[in-house]
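Enquirer: The following block contains the structure, expressed as structure tokens.
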Amino acid sequence: MFKPVFQAVQMFLKGATGKDRQAKQNISEQLLAVQIAYDQLQQQHSQLQQTCDRLSATNSDLQQRQTYLQKELDDFINFADTDAKELVAENQELQSRLRQSENEKIELQNVNGTLLGKIAYLNSQLDLRSYQTAEDDEFSTTEENFRTEGEIVSAIASPDSSSADAVDLSNISLALIGGHETTYRKVTEELQQYGLKTCIHVPPHSIASNSRNQIKDKISQCDLVITITSYVDHSVSKCVKQLKDTQMLAGECIRVSCHGKSGLVREVLQYFANPADVSGMA
């Protein structure tokens, strides 16, 4: 824009006379200053143009990054929505299964109640038939059918002298799983006559609660562990079986259905007299 002006001024200076030399010099100095200012403006313009180019490139990069981030955000939102819908569907399915399980549980309880009623009826019929059979037996007598419990216990619990001499429990440690405290005490007193070393009692959970480690510590070194199946909690019986299966017990385990002193003493004496003949071994 300034070049035509400079050219016109230069032509004017060339045609000026000598007496205008001072004015010419002043104009030349002003022209030089304008030229320098022009060059500076040109340089600043070039710098501003470079800055604009850099800003434009940066803005383009930012727009690309914004577009990429927006796409990532949209994908994440879509993924989250899909997961949420799947979770809702799974939750509904689980609730449906839970309701179905509750219905099945109620049905099983009803069936169980019906079976218990049938069992009670069959037991009553069996007792009635047994009673009628006993009455029809011409060889049965009142004295034989109605022997006192004391006579039966005496016949079972009193071993002969040869058996008493044969069974030595002096180095034996015994564990009773389940049963009443009184029974445990009486069994211990009876077996001490045969030299029993120790007898440990693990009562049902309904009487005293014992953890798995506590039970293991009590019975792990016993020579014989007897589980009284008719007087023990399932959890305690299961714990003893697990300890035996995992070889945590040094001795043998047997399961008996009797829970009186006489029956338990008989089982112990029979076991140590001939372990192979004892039934119910775990």
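Enquirer: In sequence order, what are the phi-derived ³J(HN,Hα) couplings for segment 93-100 according to the Karplus relation 6.51 cos²θ - 1.76 cosθ + 1.60 with θ = phi - 60°, rounded to whole Hz, with x for glycine and proline?
Expert: 5, 5, 5, 5, 5, 4, 5, 5
Enquirer: Rounded to the nearest 10 Å², what accessible area does TYR231 show when all protein chains are kept and the probe is 1.4 Å?
Expert: My reading of the accessible area for TYR231 is about 80 Å².
Enquirer: From the C-alpha gyration tensor of segment 44-105, pull out the three semi-axes of the equivalent ellipsoid (sqrt of 5λ each), sorted largest to smallest, in whole Å.
Expert: 59, 5, 4
Enquirer: A follow-up question, please. Provide the gained length on full extension for the span ARG54 to ARG97, in nm with one decimal, where the gain is 0.36 nm per separating residue minus the Cα-Cα distance.
Expert: So the extension gain works out to 9.1 nm.
Enquirer: A further question follows. From largest accessible area down, sort HIS259, HIS234, HIS201; use a 1.4 Å probe on the protein chains.
Expert: HIS234, HIS259, HIS201
Enquirer: Quick one: if you stick a label point 7 Å off each Cα along the C-beta vector at SER170 and GLN70, how many nm between them?
Expert: 9.9
Enquirer: Shifting gears a bit: Taking a probe of 1.4 angstrom, what is the accessible area of ARG99 in Å², to the nearest 10?
Expert: For ARG99, solvent-accessible area is about 140 Å².
Enquirer: Related question: Obtain the nm distance between the two label points defined at LEU41 and LEU62 by a simple spin-label model: each point lies 7 Å from its Cα along the Cα-to-C-beta direction.
Expert: Those two pseudo-labels are separated by 3.1 nm.
Enquirer: Top to bottom by accessible area (1.4 Å), largest first, where do PHE272, PHE79 land?
Expert: Largest accessible area first, the residues go PHE79, PHE272.
Enquirer: So what is the relative contact order for segment 179-282, in percent, with contacts set as C-alpha pairs under 8 Å and at least six apart?
Expert: 29
Enquirer: Stokes-Einstein diffusion coefficient for segment 180-233 at 10 °C in a medium of 1.306 mPa s, Rh from the Kirkwood formula over Cα pairs: what value in µm²/s?
Expert: 130
The values are calculated or read from the model by the stated rules, or taken from the named source; none is laboratory data. Quick caveat, the model's predicted, so the values are computed rather than measured. Counting neighbours? That spans all protein chains shown, and the Cβs are built from the backbone with ideal geometry, glycine included. With ligands, DNA and RNA removed, areas are computed over all heavy atoms of the protein, side chains included. Shrake-Rupley method; radii C 1.70, N 1.55, O 1.52, S 1.80 Å.
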